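Encoded as structure tokens, the structure appears first; notes follow it.
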Amino acid sequence: MEINPVDLREIDKRASNVYEGIIVTAKRARLINSENKIEFNALMSTIPEATTDDESEDIDNPAQLKIALELEQRKKPHLQALNEFLDGKIDFEVK
């Protein structure tokens with residue numbers, strides 16, 4: 001995973017201060033994470049469970065593994081939220 005520095009002046013340009021921008025991106029990251037969790041649970045519910053008589057055996061379900069690997073390849077929610085914020089895709093209002 002690569003590390004890209006974030007210029008705090010860019011965050012400061014989009015919000016009244018850096019802390020406000022970070023709070024906005026954190027809230028958006030939580031929403032993205034919730035959406036991902038709902039999607040993952042919906043995909044997992046479509047996979048039939050493997051039934052075995054011996055509970056001590058550890059059997060991997062290939063369909064489940066494929067879904068998990070696919071979702072792991074996505075960008076992390078905090079990076080998605082930060083990119084949306086820096087691109088001006090997030091509208092917010094401070095009370």
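None of the figures in this text is laboratory data; all of them are computed from the coordinates on show. Fair warning: this is a prediction, and the values are worked out from it, not measured in the lab. Methodologically, a virtual Cβ is constructed for each residue, glycine included, from the backbone with ideal geometry; neighbour enumeration extends over all protein chains shown.
Brief remarks follow.
- Relative contact order %, the chain, counting alpha carbon pairs below 8 Å whose residues are six or more apart: 41 percent
- Magnitude of the charge dipole, the chain, Cβ model with Lys/Arg +1 and Asp/Glu -1, debye to 20: 920 debye
- Cα-Cα separations in the chain greater than 24 Å, expressed as whole percent: 43 percent
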